[in-house]
Amino acid sequence: NAGVMQNPRHLVRRRGQEARLRCSPMKGHSHVYWYRQLPEEGLKFMVYLQKENIIDESGMPKERFSAEFPKEGPSILRIQQVVRGDSAAYFCASVEGRTYNEQFFGPGTRLTVL
Amino acid sequence: EDKVVQSPLSLVVHEGDTVTLNCSYEVTNFRSLLWYKQEKKAPTFLFMLTSSGIEKKSGRLSSILDKKELFSILNITATQTGDSAVYLCAVERSGGSNYKLTFGKGTLLTVNP
């Protein structure tokens, strides 16, 4: 059973470009969380999605950031017009959803904005 | 706002030492406290604690929760260089089916040979 997969692992963007981060949950998991980890900071919750539904986006900046989890395919975190402050590691975690269970984390995408 | 504070922020020990990592929290409607180990990749799950006073153990690692004093400790005995990592503590609040976690900043443990 493959774990949570994220790609790319490293992404470099110039200011003003768009960044797209992908997360494929574990097989059988229909819930995905995105977290951001700034240097020397803990992980901070951004958004929680089920298939085709955003459940909680209270941790996500209102502008430039969006997330989706379509019926088919990976969950995507999209950052438009990136700025240097967006440089961070972005982790997604998946959980089965039907029962209370631990979250399984992917390896993360390290975004660097030049 | 939920809050998780870990101490110390960093710790350097020699192989064979025993270490204790601390995590205190403030959360509304506490459901569980979790410990993760993070090397240079994904945080990997160590323990989930929901009940006070019951020690969870896995090899040389153990953890316990005190819901009255709102803290947890993670113990590692006979440390090895492979234990070097950031140890993250997170709390989860109850409320519907949203299991979002609030993390502390982590404790960076370095085990020297």
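The values are calculated or read from the model by the stated rules, or taken from the named source; none is laboratory data. In this text, all values refer to a predicted model and were calculated from it rather than measured experimentally. Glycine also receives a Cβ, built like all others from the backbone with ideal geometry; neighbour counts cover every protein chain displayed. For accessibility, only protein heavy atoms count, side chains too; no ligands or nucleic acids. Shrake-Rupley method; radii C 1.70, N 1.55, O 1.52, S 1.80 Å.
Which residues, taken from segment A:29-51, are facing another protein chain (nearest Cβ under 8 Å), part of a loop (DSSP other than H, G, I, E, B) and either buried (at least 22 other Cβ atoms within 10 Å of the Cβ) or not charged (D, E, K, R) (or both)?
Once the filter is applied, which keeps residues that are facing another protein chain (nearest Cβ under 8 Å), part of a loop (DSSP other than H, G, I, E, B) and either buried (at least 22 other Cβ atoms within 10 Å of the Cβ) or not charged (D, E, K, R) (or both), segment A:29-51 yields only A:42.
Consider residue B:46 carefully, then state whether it is open to solvent by less than 50 Å² (accessible area, probe 1.4 Å), farther than 16 Å from residue A:44 by Cα and outside any loop (DSSP other than H, G, I, E, B).
Spelling it out, residue B:46 is indeed open to solvent by less than 50 Å² (accessible area, probe 1.4 Å), farther than 16 Å from residue A:44 by Cα and outside any loop (DSSP other than H, G, I, E, B).
Looking for whichever is part of a loop (DSSP other than H, G, I, E, B), modelled with pLDDT under 95 and more than 10 Å from chain B (Cβ to nearest Cβ) here; the options are A:61, A:107. Which one fits?
When all the criteria are applied, what remains is A:61.
Can you pull out the residues in segment A:4-23 that are of a type in the set (Gly, Ala, Ser) and either in contact with a Lys or Arg (Cβ under 7 Å, 6 or more places away or on another chain) or open to solvent by less than 40 Å² (accessible area, probe 1.4 Å) (or both)?
A:19
State all residues of segment A:66-81 that are farther than 17 Å from residue A:108 by Cβ and of a type outside the set (Lys, Arg); if no residue qualifies, say none.
Correct list: A:66, A:68, A:69, A:70, A:72, A:73, A:80, A:81.
State whether one or more residues within segment A:79-98 are within 23 Å of residue B:31 (Cβ to Cβ), more than 10 Å from chain B (Cβ to nearest Cβ) and at pLDDT below 90.
Taking every residue of segment A:79-98 in turn, at least one turns out to be within 23 Å of residue B:31 (Cβ to Cβ), more than 10 Å from chain B (Cβ to nearest Cβ) and at pLDDT below 90.
All but one of (1) part of a strand (DSSP E or B); (2) of a type outside the set (Gly, Ala, Ser); (3) within 14 Å of chain B (Cβ to nearest Cβ) hold for residue A:26; which doesn't?
With respect to (1) part of a strand (DSSP E or B); (2) of a type outside the set (Gly, Ala, Ser); (3) within 14 Å of chain B (Cβ to nearest Cβ), residue A:26 is out only on (1).
How many residues does segment A:64-85 hold that are among the aliphatic types (A, V, I, L, M) and either part of a loop (DSSP other than H, G, I, E, B) or over 25 Å from residue B:105 (Cβ atoms) (or both)?
Final tally of qualifying residues: 3.
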